[in-house]
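Accompanying notes for the structure given below.
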Amino acid sequence: MITLEYPELLASAYAVQPAPPTFVVEDPANGEVLAWVGISDIATVRNTIEMAQAVQPAWAARPALERGRILRRIADLLMQHQADLALILTREQGKPLTEARGEIAFAASFFEWFAEEGRRAYGEVIPPPQADKRLLTVRQPAGVAAAITPWNFPVSMIARKAAAALAAGCAMVIKPAEQTPLSALALLRLAHDAGLPEGLLSVVTADRAGAVAIGEEFCHNPAVRVLSFTGSTQVGRKLAEASANGVKRLALELGGNAPFVVFEDADLDEAVRGALASKFRNSGQTCVSANRILVHENVHDAFVARFAEEVRRLKVGNGREPGVEQGPLIDAKAVDKVEKLVADAVEKGARVLHGGGRHALGRTFYEPTVLSDVTADMAVFNTEIFGPVAPLIRFRTEAEALELANATEAGLAAYFYTRDVQRVFRFAEGLRYGMVGINSAMISLPEAPFGGIRQSGLGREGARLGLEEYLDVKYLCIGQG
Ligand code: ADP
């Protein structure tokens, strides 16, 4: 069980075993039972939405400056309890403690950002085409928002949505992933400690079957005006279909298949560092992970040698142990998927330069793996891997690199490394992606708009645009007699 300096963080989920029905939360590193969490039934979910609807107008009526002060306090509390929150996160999700601490800081940065950004929900005064009219727009909170969040960033994905919704004057009901509800409950606890009114931000929890039922309720309940989802493209599509009837506003952050292109004029040390961070952060379980590493033939062997050497050095283990850089995958199913992808690639001619199998540490561990000679007909090229496998592909020309980079339905993040300033613009403009990292592999920041195009989703999170997801534009036309 988890031992914390501030055990109240888990009071609602962990300290007291709730009455059945419950589901179990396990440490992916060793299968240890961490907690039993209640399954919210649909009546509870409806009540939670109703409560959000009841308290939202008073919240919206408060000046943005006042709302911002509470958000700022949430950011401060997250940082004050960073160590405890990181421990909860590592225990239920598996990522190394240093990454978990980083995620808590990242989550806090969204509360900090939106605490300010809420004050800038500006309208416009529009020059009228007729002398007897005055035209203007105001932005108003959309009302109640619902969020469904994934297990790979259990705190920051909630923060990115909730901070924006609350700053805009909305209420939010969150359904965290069944693997990682404890981080969500801990964050909720701190939000209340910071002075957020009861009912304005809520967490409902469930196992996978319950998640489907709650998803349906979010899609069909007329009080929910915005549905924000981060997860697989497959589930995102289902939610889009189910919410069509109620014509709900959707924000969808779905899967990616990021190309990472290394041109011959790249700074190879930087490119190796970037590829390593992008590929192996969170053991490859991020939607902006480098999924296909394309390297120019003239630097291919030099890049591959350095990259494989760095991968060889990665320390695998329980995320709680000092120095560990690669934790477990989220569950045994995730390892099965990676194993199949590697087997398919090897069968079709890929070479294993490092790793390539299950790790001796047990059922949820997979070796950091480097595959060379990967081709577009392999499943590993066309699937979001979500694991510690780096596929390398050799290319000859910029045109070929662009074609390979764009050869996917996904359109979330892409990366490339070059020192040619003309290529920077040309290649960036040719990439069909919502986000492009140029000589930079870490691109997620609260100030910047995160989101994809094509099958990777709708809408943006963070930045000024993240606030807009929770605001309605109202146009006022005033006759001047
Ligand atoms: P993953 O496969 O990585 O778990 P999912 O897209 O399945 O990604 O899950 C992301 C989130 O969506 C989780 O909170 C999960 O509980 C939820 N979820 C999964 N299936 C459904 C569904 N059919 N309806 C609503 N929510 C769902």
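Every number in this text was worked out from the coordinates using simple rules, so none of it is lab data. Not measured: the values here are computed from a predicted model. Every residue, glycine among them, receives a Cβ derived from its backbone with ideal geometry; neighbour counts consider all protein chains shown.
Restricted to segment 174-190, and to residues that are of a type in the set (A, V, I, L, M, F, W, C) and under 18 Å from ALA108 (Cα atoms), which residue is farthest from the ligand (Cβ to nearest atom)? Among residues in segment 174-190 that are of a type in the set (A, V, I, L, M, F, W, C) and under 18 Å from ALA108 (Cα atoms), the one farthest from the ligand (Cβ to nearest atom) is LEU190. Among the conditions (1) surrounded by 21 or more Cβ atoms within 10 Å (Cβ to Cβ); (2) within 11 Å of the ligand (Cβ to nearest atom); (3) under 25 Å from GLN56 (Cβ atoms), the only one that VAL224 does not satisfy is (2). With the condition kept exactly as written, say whether any residue in segment 293-309 is in contact (Cβ under 8 Å) with a residue 40 or more places away in the chain, over 16 Å from ILE393 (Cα atoms) and either within 16 Å of the ligand (Cβ to nearest atom) or assigned to a strand (DSSP E or B) (or both). No - not one qualifying residue is present in segment 293-309.
Summed over segment 367-397, residues that are under 21 Å from VAL304 (Cβ atoms) and in contact with a Ser or Thr (Cβ under 9 Å, 6 or more places away or on another chain) total 11. Taking (1) over 25 Å from THR364 (Cβ atoms); (2) within 20 Å of the chain's Cα centre (by Cα) in turn, LEU135 satisfies each apart from (2). With respect to the stated conditions, LEU166 is within 15 Å of GLY143 (Cα to Cα) and more than 13 Å from the ligand (Cβ to nearest atom).
Anything in segment 191-203 that is more than 16 Å from the ligand (Cβ to nearest atom) and of a type in the set (Gly, Ala, Ser)? List them, or say none.
Selection gives ALA191, ALA194, GLY195, GLY199.
Does ALA206 meet the test of being near the ligand (Cβ under 8 Å from one of its atoms) and either touching a Cys at 6+ places or on another chain (Cβ under 6 Å) or in a loop (DSSP other than H, G, I, E, B) (or both)? So ALA206 fits the description; yes.
Quick one: which of LEU268, LEU254 is under 25 Å from LEU412 (Cα atoms), among the hydrophobic types (A, V, I, L, M, F, W, C) and within 13 Å of the ligand (Cβ to nearest atom)?
Criteria check complete, one pass: LEU254.
Return yes when ARG160 is surrounded by fewer than 24 Cβ atoms within 10 Å (Cβ to Cβ), among the basic types (Lys, Arg) and closer than 29 Å to ALA64 by Cα and no when it is not. No. On the stretch given as segment 324-362, residues that are under 25 Å from the mean Cα position of the chain (by Cα), assigned to a loop (DSSP other than H, G, I, E, B) and farther than 24 Å from THR408 by Cβ total 5. Residues in segment 131-138 include none that are in a loop (DSSP other than H, G, I, E, B), within 16 Å of the ligand (Cβ to nearest atom) and surrounded by fewer than 24 Cβ atoms within 10 Å (Cβ to Cβ). Looking across segment 171-203, the residues that are closer than 19 Å to PRO20 by Cα and part of a helix (DSSP H, G or I) come down to PRO181, LEU182, LEU185.
Among the residues making up segment 236-249, those that are in contact (Cβ under 8 Å) with a residue 12 or more places away in the chain, within 11 Å of the ligand (Cβ to nearest atom) and not small (Gly, Ala, Ser) are LYS238, LEU239. Close contacts from segment 141-165, counting a first residue that is in a helix (DSSP H, G or I) and a second that is hydroxyl-bearing (Ser, Thr, Tyr), with Cβ to Cβ under 7 Å and a gap of 6+ residues or different chains, come to MET157/THR149; MET157/THR230; ILE158/THR149; LYS161/SER228; ALA164/TYR470; ALA165/TYR470.
Looking for whichever is within 23 Å of PRO7 (Cα to Cα) and touching a strand residue (DSSP E or B) at 6+ places or on another chain (Cβ under 7 Å) here; the options are ALA184, ALA177, ALA171. Which one fits?
Details: ALA177 fails: touching a strand residue (DSSP E or B) at 6+ places or on another chain (Cβ under 7 Å); ALA171 fails: within 23 Å of PRO7 (Cα to Cα).
Going through ALA184, ALA177, ALA171 in turn, the sole match is ALA184.
Residues VAL203, VAL261: which one is in contact with a helix residue (DSSP H, G or I) (Cβ under 9 Å, 6 or more places away or on another chain), β-branched (Val, Ile, Thr) and within 22 Å of GLY94 (Cβ to Cβ)? Every option except VAL203 fails the conditions. For segment 22-39, a residue qualifies if it is without any contact (Cβ under 8 Å) to a residue 60 or more places away in the chain and within 16 Å of VAL204 (Cα to Cα), and the qualifying residues are THR22, VAL24, TRP36.
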